[in-house]
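Notes follow once the structure below has been shown.
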Amino acid sequence: MKRYSVKTIFIFTITMFCATFFPMNNYAGEPVQGFADIHTHQMAEYSFAGAWIYGSHKGPLDESLHQCTGGSIWGGDHARTNFGVLNEFLGQIPGTWGDTGVHFGKKYGYPFYTGWPRWDTIAHQQMPEDYLKHAHENGLNLYVMSAVDFKPLCDTMPKKNMKPGLKCNEMSSVDVQLQAAKDFAAQRDWVKIARSPEEARNIINSGKLAMILAIEVTDLFDNDDWQKRLDYYYSIGVRSIQLGHQLNNRFTGVAPHHWIFKVFQFLRNAGIGDPRLDDYIYLVTNGKKNPHGLTTEGRALVEAMMDKNMIIDISHMSEVAVRDLYAIAKARNYYPMVLSHGHLRAIMMGEKQLEEKTTPNEFIKYIKETGGMIGLRTGPDQVKTYPDSVVPNDCDGSTKSFAQAYQYGTSGLKVNIAFASDFGGFIQQLRPRFGPKGETCGASNNDSIVKSQTAKQTNRLGSPLDYQGFGHIGLEGDIITELQHFGVNTSGLENSAEALIQVWERCGDKNRTGPLPTSDMILIPEEH
C-alpha cells in the first residue's frame, strides 16, 4: 500500500476544500446567452442632487411609490423644479398623468398609483431591484449602468428636495452613483460588476447578471487633470465613458437636439463671454450642425481610453467629432466604436431626421467597419415603415414602431443591436398598444390616424406591456416576446450580451484588423 506524506495529504485536503466551497469556474471563451441593455441609469435617484427621480433602486418599487405625497403645483416632493408652472407643463406632456407635478386626483397618480409604473414616467425610478431581477430571470444577462447628471438642470431643482450630502456637481454625483452601484452588486449574489470581458463571461455563465460601469456627464472630469481622473475611474471599475453629453465641453462638441439644451448651450457661452457666439447659430436654426469636433484634449483622451481597452461610446457627439474619432479608430487598426443609445436617422420621420443626435447611415458604416454595435432606443417615436418588415407599422410609438427600426438595423444595415432603455434619463418609453384614450398609438398629432391605428390592434400579449407600455426594466423580455409574436427574427437581441462582450474583446485584441465588410448593407436613403 502506497504511503503519502503529511504534506501531500495536507495539500490534497486544502485543494478539495477550496474546490468544494470556493469553486473557480472559468468560462473564458465560452459564449454567453441572453440579451443586453447597454444604456441605463439605475442610480439616477442620486443625480440632480437627488431632487429629480423619485423612488429607490433597492427593494420593491410599490413601497417607494406609495410613500409619495402627491405634491402640489407650488410645492410638495413632486414639484421637481423651482418653477411650479413648469412642473405642471412637464406633467401634462401627452400621456403623462402628473408625473412631475400634482398627483392627487389624477387617474393614475397618488395615492393609489393604478397602472404605474408607466411608459411616460420621467421622474420615477423604473429600475427597482425587484423588476431588475425579474428582467434577469427573463433573459437580461448584461447591462451598462451609466452614472449621469446635468448641472444646468440640477440648478433648477428645489433645495428642499435635494438629498442630504448631495450637490449640483456632476462628478460628485458620478462618485455617489458609482459607489451605490458597487454596493448594490456587493450586497447581492445575483448581480456582479464585470471589469473585463472574461469576468463578464464568468458572471453570466455562472447564472448571474453582469453590470458594466459607465459615465455620461457634460462637465467630464471638471477642470482636473484628465489623465489622473481617467486612471482613477478605471481603477474603481469604470469601463465606458462618453466624451460629451448635452453641451460642448473641454473634450468634444456635442450633437444638438431638444431646444432646451440649445438654450443652455447659448447661455453657457454667453455667460463666459465666448467670442465665437456666431458659431452657435445652429442652436437656434433647425437642421444646422455643430461645427465643433474633438479638441486636442479630446483626442488624447480617446487614445488613452483605447490604451486601456475601454468601450468608446460615441453617443451625443457632434458629427464632426464622430468623424474625428473614426479617424483615430481607423489608425488604431479599427478600434470598435459603440453607440450606446441612438436612433437610426434614415428610419425616423421628417423632423426627427433634422436632429444631429440621430445617427446617419455613414456613422453606422463606421460602427460596422470597426466591429462595434448599437443600442437602439426604446422611445415612443413615430417611424417610417421598413419596406421588408414583417410587422404592420400601424401603432405609432409602440413595439410595432420599434420593430421597424430594429429590422432596418439587423436586416438592412446588418449591424449588432442591443436594447438601450435609457431608464432614468428624462425620457419616455414605448407606448402601449391597448389602453385608455390618448395613450395608444399616439405618436402622431393626427387624431384620426390615432383612432384608426388604435382600432386595428389585436392579440394582446397578456403582459403589463399591453396597457402600461414599457414602464419598467422588468418588461424588457416581454418586448422580445411580442416581437416574436409579430414574426420578427429576434436572434440579434437575444444574443446581444454575447455581441457586446465580443466588441469588448476586440478592444483588447492587439491583432485586430479592419475594415470589417460593409458591402452587404442595404440602406434607406436619408431625407435630410
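Read-outs throughout are calculated quantities, based only on the coordinates presented, and are distinct from any laboratory measurement. As the structure is a computational prediction, the values presented were derived from the model and not from experiment. Cβ atoms come from the backbone with ideal geometry, glycine included; neighbour counts cover every protein chain shown.
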Computed from the beta carbon distance with a Förster radius of 25 Å, FRET efficiency for GLN227 and SER196 to the nearest 0.05 stands at 0.70
Per 0.36 nm of contour for each residue apart, how much would the distance between THR385 and LYS414 grow if the chain were fully extended, relative to their Cα-Cα spacing? 8.7 nm
So which trypsin sites (Lys or Arg not before Pro) in region 176-240 end up in coil per DSSP with only 16 or fewer other C-beta atoms within 10 Å? ARG188, ARG195
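Can you tell me the length gained on complete extension of the stretch SER235 to ASN138, counting 0.36 nm per residue apart and subtracting the Cα distance?
Fully extending the segment from SER235 to ASN138 adds 31.7 nm.
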Quick one: length gained pulling GLU303 to LEU461 fully straight, 0.36 nm per residue minus the C-alpha distance? 52.2 nm
In region 184-263, which GluC sites (Glu not before Pro) are in a loop and have at most 10 other Cβ atoms within 10 Å, using DSSP for the loop call? none
Distance check, please: which entries in LYS228/LYS289; LYS384/LYS456; LYS357/LYS384 exceed 22 angstrom between their Cα atoms? LYS228/LYS289
Considering only DSSP states other than H, G, I, E and B, which trypsin sites (Lys or Arg not before Pro) in region 403-465 qualify as loop sites with at most 10 other Cβ atoms within 10 Å? LYS437
I want to check the label-to-label distance for ASN489 and GLN187. Put each point 7 Å from Cα in the C-beta direction and report it in nm to one decimal. 4.5 nm
Amide H to amide H under 5 Å from SER340: which residues, 5+ apart in sequence or cross-chain, H placed 1.01 Å off N in plane? ILE314, SER315, GLY375
Convert each backbone phi in region 289-303 into a coupling constant with the Karplus relation 6.51 cos²θ - 1.76 cosθ + 1.60 (shift: θ = phi - 60°), then list the ³J(HN,Hα) values in order as whole Hz, x for Gly and Pro. 9, 5, x, 9, x, 5, 8, 4, 5, x, 5, 5, 5, 4, 4
Long-range amide H contacts for GLY244: which residues qualify at under 5 Å (H placed 1.01 Å from N, peptide plane, sequence gap of 5 or more or a different chain)? none
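Please work out whether region 429-528 counts as rounded, prolate or oblate from its C-alpha gyration tensor, where a ≥ b ≥ c are the square roots of the eigenvalues and a/c under 1.5 means rounded, while otherwise a/b larger than b/c means prolate and anything else oblate?
It comes out prolate by the Cα gyration axes.
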